[in-house]
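Data first, discussion second: the structure below is written as structure tokens.
The values are calculated or read from the model by the stated rules, or taken from the named source; none is laboratory data. Source: prediction; values computed, not measured. Cβ sites come from the backbone with ideal geometry, for glycine too, and all protein chains shown count toward neighbours.
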Amino acid sequence: MQEGVIRLGYTQGWGINSFLQKIISNFQASYPRVMLDIHRLNHRVLIDGLESGSLDVIFVLQYNTTFPSDFVWEIVYETKTSVILSSNHALASANNLKLTNIKDETFMLYQKKRTSPH
């Protein structure tokens, strides 16, 4: 595609924003006549938008997602996730935590703040 519009959707989370910034910058440098119509939406709305044709491409976190059989998908970025617990927490001595083990816990998400070159 040399010109036109691509409707891109993404979900915010665990490092995806900085990753997308690089993709978007590289894409715009390579295809300056293609406009990106960018939307941050929840996971289900992104899948529905791709199915309905209101979005052309989406970036999502994969977590146990089953995509429709007519979707073509590829893992383009992987990130590590850590769970940090107090040494007094009931799960602190567990060897292999699964998301189901912590599903009822209160979460605090932390993302490193990028510093400005100014």
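Annotations for the structure displayed:
- Residue in the range 46-60 that is in contact with a helix residue (DSSP H, G or I) (Cβ under 6 Å, 6 or more places away or on another chain) and among the β-branched types (V, I, T) present: yes
- Residue pairs meeting the criteria (Cβ under 8 Å; at least 6 apart or on separate chains; first closer than 23 Å to L20 by Cα, in the range 68-86; second part of a loop (DSSP other than H, G, I, E, B)): W73/F67; I75/Q62; Y77/G15; T79/W14; T79/G15; T81/W14
- Exactly one residue out of R44, R7 is touching an Asp or Glu at 6+ places or on another chain (Cβ under 9 Å) and modelled with pLDDT of 85 or more: that is R7.
- In the set T115, T65, only one residue is in a loop (DSSP other than H, G, I, E, B), modelled with pLDDT under 75, surrounded by 10 or more Cβ atoms within 10 Å (Cβ to Cβ) and not small (G, A, S); that residue is T65.
- Whichever residue in the range 28-59 is among the acidic types (D, E) and in a helix (DSSP H, G or I) and, among such residues, is nearest to V72 (Cα to Cα): E51
- Of residues in the range 73-101 being in a helix (DSSP H, G or I) and within 21 Å of the chain's Cα centre (by Cα), the one modelled with the lowest pLDDT: L99
- Cβ pairs under 7 Å, 6+ apart, first in the range 91-118 and over 23 Å from Q12 (Cβ atoms), second among the small types (G, A, S) and modelled with pLDDT of 75 or more: A92/S86; N101/A94
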